[in-house]
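A.B. asks: After the structure tokens below, expect a handful of questions from me.
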Amino acid sequence: MKLEEVMAQARERLRGICRVCRVCDGRACVGEVPGMGGVGTGASFQNNVRALASYKLNLRVLHRHGEPDTGLSLFGTRLETPVLVAAVAGAAINLGGSLTEEELVLAMVGGARAAGSLALTGDGPDPALFEAGLAAARQFPGTVIPVVKPRAVEEILERFAQARAAGALAAAVDVDAAALVNMTRAGQPVGPLSPAAVQRLVEGSELPVILKGIMTPDEAVLAAEAGVAGIVVSNHGGRALDHTPGTAEVLGVIARRLRGLSPRPVILVDGGFRRGEDVLKGLALGADAVMVGRPAVRGAVGGGAEGVRLVLDELTRGLRTAMILTGCPDLASVGPEVLFRREEAT
Ligand SMILES: Cc1cc2nc3c(=O)[nH]c(=O)nc-3n(C[C@H](O)[C@H](O)[C@H](O)COP(=O)(O)O)c2cc1C
């Protein structure tokens, strides 16, 4: 199967839900939540794409490095690519039932595994959503990081224990889902987590704990002080709060604030990453790895696990090309010097 065929299939199957635009930038799907868009004016989704586009790369080709190495180690496991699959749950309400929850999650996780990567899985008011992630973790041990909504601490810990028993690699909370009305309406209240609550999660879990939805340096430091193993710089793909900056706008300052901490939490980022060059920019700004949500969904709907693998492979191929053209032999050598700074050019 070719990637173009996968996208054509996805366009067909997602009719009325997602236009599978050439550039997935949140303009055609403003306010379509549930669905694939961003909330409100769609500014947060669009800011993600715009922020990445605002960075330029330094072309550097006078070097002797051959084929770049895109391998890395994350939470003790070896990956072939720093492009991971983000958590996407709610196939019935968000994807118009174009596939079942199990089909979506197995495609996302199976595709990630085939590409030498990892996948995060989601949570929601219907217990079947979190269960689909657990089932995928059982099938692909060491490949899944389940993300739990910011419920009461004991409830989160209970799900973390289930995740561990299922063979998950780590466990996360999407703290930016603190005001999700469909959870509260279903009698499963969510809310902000205090730093003390985060510490209780870290102490009560046998898995490395990740907080997803960190957008300021101060909260990154609070998370680090509470002992988390990782953070995801994320605005939930623009689906939580309208008018946030793009994640690439805040990533650099967050990474700088965490630099030198020992141990330093792993820094992941998502939101608007669409091409290998975007991935390189994310890494240059200080992320250890980058996650893609909507691109992976399009792959899953259009071609199942194979479709997701093709999406990740294409991003990794683009990253490799960008690494050659910016003089980076491996991920450790990707730093801020890859990014063009106008003040240094004059
Ligand atoms: C339809 C849909 C459902 C999502 N469900 C979840 C979820 O259950 N848990 C979660 O942490 N993030 C969820 N997200 C957010 C993604 O994990 C990720 O942060 C975002 O999609 C990244 O931006 P991108 O889609 O532009 O790559 C969802 C996103 C979409 C588009």
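The values are calculated or read from the model by the stated rules, or taken from the named source; none is laboratory data. None of these values were measured; they are calculated from a predicted model. Note: ideal-geometry Cβ built from the backbone for every residue, glycine included; neighbour counts use all protein chains shown. Heavy atoms of the whole protein, side chains included, go into the accessibility calculation; ligands, DNA and RNA do not. Shrake-Rupley method; radii C 1.70, N 1.55, O 1.52, S 1.80 Å.
A.B. asks: Please count how many residues of region 317-329 are outside any helix (DSSP H, G or I) and open to solvent by 10 Å² or more (accessible area, probe 1.4 Å). First the steps, then the outcome.
C.D. replies: If we filter region 317-329 for residues that are outside any helix (DSSP H, G or I), which is where we start, we get 327-329.
Now drop any that are not open to solvent by 10 Å² or more (accessible area, probe 1.4 Å), which leaves 327, 329.
Residues in region 317-329 being outside any helix (DSSP H, G or I) and open to solvent by 10 Å² or more (accessible area, probe 1.4 Å): 2 in total.
A.B. asks: Just to be sure I understand, how many residues within region 290-307 are crowded, with 23+ Cβ neighbours inside 10 Å, more than 13 Å from the ligand (Cβ to nearest atom) and among the aliphatic types (A, V, I, L, M)?
C.D. replies: So the answer is 0.
A.B. asks: Also: Hey, could you check region 330-346 for residues that are touching a residue at least 24 places away in the same chain (Cβ under 8 Å) and closer than 16 Å to VAL279 by Cβ and say which is surrounded by the most Cβ atoms within 10 Å (Cβ to Cβ)? Reasoning before the result, please.
C.D. replies: Taking region 330-346 and keeping what is touching a residue at least 24 places away in the same chain (Cβ under 8 Å), we get 330-331, 334-340.
Narrowing the set further to residues that are closer than 16 Å to VAL279 by Cβ leaves 330-331, 334-336, 338-339.
Working: ASP330: 13, LEU331: 19, VAL334: 26, GLY335: 12, PRO336: 12, VAL338: 22, LEU339: 16.
The residue in question is VAL334.
A.B. asks: Check VAL175, VAL144 and return the single one that is more than 22 Å from ALA300 (Cβ to Cβ) and either in contact with a strand residue (DSSP E or B) (Cβ under 9 Å, 6 or more places away or on another chain) or at pLDDT below 95 (or both). Even if it seems obvious, please write down each step before you answer.
C.D. replies: Numbers: VAL144 fails: more than 22 Å from ALA300 (Cβ to Cβ).
Matching residue, one of VAL175, VAL144: VAL175.
A.B. asks: Tell me whether region 35-44 contains one or more residues that are under 20 Å from the mean Cα position of the chain (by Cα) and in a helix (DSSP H, G or I).
C.D. replies: For region 35-44, residues under 20 Å from the mean Cα position of the chain (by Cα) and in a helix (DSSP H, G or I): present.
A.B. asks: Continuing with this model, one more query. Determine whether SER98 is open to solvent by 50 Å² or more (accessible area, probe 1.4 Å) and polar (S, T, N, Q).
C.D. replies: Values: open to solvent by 50 Å² or more (accessible area, probe 1.4 Å): no; polar (S, T, N, Q): yes.
When the stated conditions are applied, SER98 does not pass them.
A.B. asks: Which residues, taken from region 144-155, are out of contact with any Asp or Glu (no Cβ under 6 Å at 6 or more places or on another chain) and either at positive phi or buried (at least 24 other Cβ atoms within 10 Å of the Cβ) (or both)? I'd like the intermediate steps shown before the answer.
C.D. replies: If we filter region 144-155 for residues that are out of contact with any Asp or Glu (no Cβ under 6 Å at 6 or more places or on another chain), which is where we start, we get 144-146, 150-155.
Across region 144-155, the qualifying residues are VAL144, ILE145, PRO146, PRO150.
A.B. asks: If you take the residues in region 265-289 that are more than 30 Å from GLU225 (Cα to Cα) and open to solvent by 10 Å² or more (accessible area, probe 1.4 Å), which one is farthest from the ligand (Cβ to nearest atom)? Please lay out each step first, then the result.
C.D. replies: We begin by selecting, within region 265-289, every residue more than 30 Å from GLU225 (Cα to Cα); these are 274-277.
Narrowing the set further to residues that are open to solvent by 10 Å² or more (accessible area, probe 1.4 Å) leaves 274-275, 277.
Values: ARG274: 8, ARG275: 12, GLU277: 15 Å.
It comes out as GLU277.
A.B. asks: Also, I was wondering about something else. Just checking, does region 308-316 include any residue being part of a helix (DSSP H, G or I) and either in contact with a Cys (Cβ under 8 Å, 6 or more places away or on another chain) or small (Gly, Ala, Ser) (or both)? Explain how you work it out, then say what you get.
C.D. replies: So in region 308-316, the residues part of a helix (DSSP H, G or I) come out as 308-316.
Those left that are additionally either in contact with a Cys (Cβ under 8 Å, 6 or more places away or on another chain) or small (Gly, Ala, Ser) (or both): none.
For region 308-316, residues part of a helix (DSSP H, G or I) and either in contact with a Cys (Cβ under 8 Å, 6 or more places away or on another chain) or small (Gly, Ala, Ser) (or both): absent.
A.B. asks: Kindly indicate the residue of region 75-93 that is open to solvent by 20 Å² or more (accessible area, probe 1.4 Å) and touching a helix residue (DSSP H, G or I) at 6+ places or on another chain (Cβ under 9 Å) and also farthest from the ligand (Cβ to nearest atom) among those meeting that condition. Please lay out each step first, then the result.
C.D. replies: First, the residues of region 75-93 that are open to solvent by 20 Å² or more (accessible area, probe 1.4 Å): 75-78, 80, 87-89, 92-93.
Add one more test, that the residue is touching a helix residue (DSSP H, G or I) at 6+ places or on another chain (Cβ under 9 Å), and what stays is 80, 87-89, 92-93.
On the way: GLU80: 20, ALA87: 4, VAL88: 4, ALA89: 3, ALA92: 11, ILE93: 9 Å.
It comes out as GLU80.
A.B. asks: Only one of (1) surrounded by 15 or more Cβ atoms within 10 Å (Cβ to Cβ); (2) under 25 Å from LEU95 (Cβ atoms) is not met by PRO127, so which one is it?
C.D. replies: Exception for PRO127: condition (1).
A.B. asks: With respect to the numbered conditions (1) away from the ligand (no atom under 16 Å from the Cβ); (2) at pLDDT 95 or above, which one is the sole condition not fulfilled by VAL33?
C.D. replies: Failing condition for VAL33: (1).
A.B. asks: Can you run down the residue pairs with Cβ atoms below 6 Å, 6 or more apart or on separate chains, where the first is in region 67-93 and of a type in the set (Phe, Trp, Tyr) and in a strand (DSSP E or B) and the partner is modelled with pLDDT of 95 or more and surrounded by fewer than 23 Cβ atoms within 10 Å (Cβ to Cβ)?
C.D. replies: none
A.B. asks: Could you please find all residues in region 175-189 being surrounded by fewer than 17 Cβ atoms within 10 Å (Cβ to Cβ) and among the small types (Gly, Ala, Ser)? Talk me through it step by step, then tell me what you get.
C.D. replies: From region 175-189, those surrounded by fewer than 17 Cβ atoms within 10 Å (Cβ to Cβ) are 179, 181-182, 184-187, 189; that's our starting set.
Within region 175-189, ALA179, ALA186, GLY187 qualify.
A.B. asks: Further question on the same structure: Which of the residues spanning region 102-112 are open to solvent by 20 Å² or more (accessible area, probe 1.4 Å) and without any contact (Cβ under 8 Å) to a residue 40 or more places away in the chain? Lay out the reasoning, then the answer.
C.D. replies: Step one: filter region 102-112 for residues open to solvent by 20 Å² or more (accessible area, probe 1.4 Å), giving 102-103, 106.
The one that is open to solvent by 20 Å² or more (accessible area, probe 1.4 Å) and without any contact (Cβ under 8 Å) to a residue 40 or more places away in the chain: GLU102.
A.B. asks: Of the conditions (1) touching a strand residue (DSSP E or B) at 6+ places or on another chain (Cβ under 9 Å); (2) under 29 Å from GLU337 (Cα atoms), SER44 satisfies every one except a single condition; which number is it?
C.D. replies: For SER44, the exception is condition (1).
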